[in-house]
Structure formats: C-alpha cells, structure tokens
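K.L.:
This is the structure I want to talk about, given as structure tokens.
The values are calculated or read from the model by the stated rules, or taken from the named source; none is laboratory data. Computed from a prediction, not measured in an experiment: that's the story for all the values here. Cβ atoms come from the backbone with ideal geometry, glycine included; neighbour counts cover every protein chain shown.
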Amino acid sequence: MAKKKDLGKGLRALLKDVDKSSGKPTKSVVEKLVKGTMEIDVNSIETNPFQPRTDFDHEQLLELSASIELHGLVQPITVRSMGDGKFQLISGERRLRATKLAKLKVIPAYVRVANDQEMLEFALIENIQRQNLNALEVAFSYQRLMDECQLTQDELSKRVGKKRSTVANYVRLLKLPPQIQQAVKREEISMGHARVLVGISNLIKQLDLFNKTRIHNWSVRKLEEEASAKKKIIKNIESEHPEITRIKNKLSKVLGVKIRIKRDQKGAGSIQIPFNSDDEFNDIVESIMD
C-alpha cells in the first residue's frame, strides 16, 4: 500500500503540468486523473456541498462497512484535488462513510479536475444513475441540474440519457404537497401513484385520494379510476352551481320549456332550448323576440 506522502508527491507532479496561458490542466493530465485511481487518506477528503442525497440508511451503511472491511472497496469514489493534499468529494459519500466506519485509513479514488458547476453535474448525474434512488430524490436532482447548471429539460434529458417526457414527469412531482412528497420519498406510494395525484388540481380532492390510496392500498389502476370518477363528480357539481340553476329555472319558466345549460370550468358552454313541433318553436321565438 502506498504511503501518504508518496501519493501526495505523485499528484503534485501531475498537477505541475498545467497550460500556462489558461491556468488549466492540460488534456494529458486530465486523462491521467480521470482514468487512474489513487489511494487517499480518508481524513483528507471533505464532503461534497452539492451532495443531492442527504438520507443514508444506517443499517445499510453498517452492512457495506462490514463488506468493505472483509473484501475492500470495489468501486472507487470520485474526488477533485483542492491542493495541499486536500480533496473534495464528487461522488461516493455512502462508500466514504462506510469506509470510515470500517476504520480504514485510505480509500481508492478517481481524482478529477473540475470547477464547481462541473462538479455538481458529476455528482448529480452519477447519483441519478443509481438504482436505489427514490423518485423524489431523482426529481430534486433533475431540478437542481436545471436550476444550478442552467439546463433546459431537453438538455438535461440528453445529459442523463432519458426521454424529455420522463424528465418532465419526475420534475412535476415537486408540485405535490409536502405530505405526498414525503410518502413518495418513503416509498409508501409509487411513482405511478404520484403521477396520477399530481394531475389533480383540486388540493382537497388530491389529499383525499392520497389518503384513501394509503389506507386501502389502492393500485395505480384503482387510483386512476377513482380520480376519473372524482373529476366527473366535480364537473357535475360545478355545472349545477346555484347561480346557474337559478338562471336555468328562470329561463325555463319564461320560455315554457325545460332548457339545459352546459358550461365547462373555463366558462365556455351553450344553452340548449328543446322543442317538439313548429308550434313550440314559434312560441319560443315569440317569447324571445317579445
């Protein structure tokens, strides 16, 4: 195992090869740093301020720690050099924590040269690719990439290798109220359930269906059916608003026939005046023209 001072000396030697005009490492240096791994003192690594994940299951950390202690760390972490033998974590905080729990002094790492924005992209994109992220963590990561790296949904979809519609569906989850977001985070409801709920604009109905989904353990299909039925009920109630009913009854009395008023949520619609004969038609016209 290499000694700490030897590691630092080797890295300093690489970083000496810098383009004097730009102050940036040359292409050959970057390739060496990206492709190669080094064993770094765990105490020389500061955590990543851009880390998108904040929750780490303690039991799983202990299990990983035991595995690392027995077999070593298979997947290196990724860091960037801060100079003077210090490094900042880009990705792999779970692995770093587990390594410290195993009381190991060094950890294998890829050393990259990156500015803050590149570092954020590295951390978020690497984190998004993991299979164990819940839907809300993915949504937060997508939104942060767009906000802090000035990316559009199209650009982001290319960065992460997903369809634009997939990115949009995840980001929409952030419009859900906190209690539903927490349920997604704790995986009490699925991404499919969340997508149905986010499509319900009425907050009271949204929360009502959310609570029923948890209590009755509804499937996504069942929730879709209930949401659709709820929308129809809401539409019928709105069409029979007291003022609409008053106007409809007054017109029916004046014209002598039972009229119908159809109106959508935006206020568009029609007034239907039925008649069964020419005589009824003429009576209605005379009432209107009178």
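K.L.:
Any idea which residue in the range 136-148 is surrounded by the most Cβ atoms within 10 Å (Cβ to Cβ), counting only those that are at pLDDT below 80 and over 22 Å from Phe87 (Cβ atoms)? Can you show your working first?
P.N.:
Within the range 136-148, the first condition is being at pLDDT below 80, and the residues that meet it are 144, 147-148.
When the remaining residues are screened for being over 22 Å from Phe87 (Cβ atoms), the result is 144, 147.
Working: Arg144: 17, Asp147: 9.
Here the residue is Arg144.
K.L.:
Another question, then. Which pairs turn up if I take residues in the range 244-260 that are outside any loop (DSSP other than H, G, I, E, B) and look for partners that are among the polar types (S, T, N, Q) and at pLDDT below 80 with beta carbon separation below 8 Å, at least 6 apart in sequence or on another chain?
P.N.:
As it stands, the answer is Val254/Ser287; Leu255/Ser287, since those pairs meet every condition given.
K.L.:
While we're here: Take the conditions closer than 28 Å to Leu174 by Cβ and of a type in the set (A, V, I, L, M) and apply them to Leu64. Does it pass?
P.N.:
No; evaluated as a whole, the condition is false for this residue.
K.L.:
Does Leu156 satisfy the criteria of being surrounded by fewer than 18 Cβ atoms within 10 Å (Cβ to Cβ), of a type outside the set (Gly, Ala, Ser) and under 14 Å from the mean Cα position of the chain (by Cα)? Let's see the steps before the verdict.
P.N.:
Details: surrounded by fewer than 18 Cβ atoms within 10 Å (Cβ to Cβ): no; of a type outside the set (Gly, Ala, Ser): yes; under 14 Å from the mean Cα position of the chain (by Cα): yes.
So Leu156 fails the test.
K.L.:
Right, another one. Within the range 40-60, which residues are modelled with pLDDT under 90 and either under 17 Å from Asn134 (Cβ atoms) or exposed (fewer than 15 other Cβ atoms within 10 Å of the Cβ) (or both)?
P.N.:
First, the residues of the range 40-60 that are modelled with pLDDT under 90: 47-60.
Passing the criteria: Thr47, Pro49, Gln51, Pro52, Arg53, Thr54, Asp55, Phe56, Asp57, His58, Glu59, Gln60.
K.L.:
When you check Leu133 against the structure, is it modelled with pLDDT under 90, within 21 Å of Val198 (Cα to Cα) and assigned to a loop (DSSP other than H, G, I, E, B), yes or no?
P.N.:
Answer is yes for this residue.
K.L.:
State yes or no: is Lys86 more than 20 Å from Glu39 (Cα to Cα) and charged (D, E, K, R)? Before the answer, list the steps.
P.N.:
Numbers: more than 20 Å from Glu39 (Cα to Cα): no; charged (D, E, K, R): yes.
So Lys86 does not fit the description; no.
K.L.:
Out of the residues in the range 81-109 that are in a strand (DSSP E or B) and polar (S, T, N, Q), which is surrounded by the most Cβ atoms within 10 Å (Cβ to Cβ)? I'd like the intermediate steps shown before the answer.
P.N.:
Residues of the range 81-109 in a strand (DSSP E or B): 81-83, 86-91, 106-109.
Keeping just the survivors that are polar (S, T, N, Q) gives 81, 88, 91.
Numbers: Ser81: 21, Gln88: 17, Ser91: 27.
Within the range 81-109, the match that is surrounded by the most Cβ atoms within 10 Å (Cβ to Cβ) is Ser91.
K.L.:
Please work out which residue is surrounded by the fewest Cβ atoms within 10 Å (Cβ to Cβ), limiting yourself to the range 184-226 and to residues that are farther than 14 Å from Tyr170 by Cα and hydroxyl-bearing (Ser, Thr, Tyr).
P.N.:
The extreme case among them is Ser201.
K.L.:
Looking only at the range 167-208, how many residues end up being of a type in the set (Lys, Arg) and under 19 Å from Asn132 (Cβ atoms)?
P.N.:
Looking only at that region, the number is 2.
K.L.:
Would you tally the residues in the range 227-286 being loosely packed, with under 13 Cβ neighbours inside 10 Å, polar (S, T, N, Q) and at pLDDT below 75?
P.N.:
Selection size over the range 227-286: 2.
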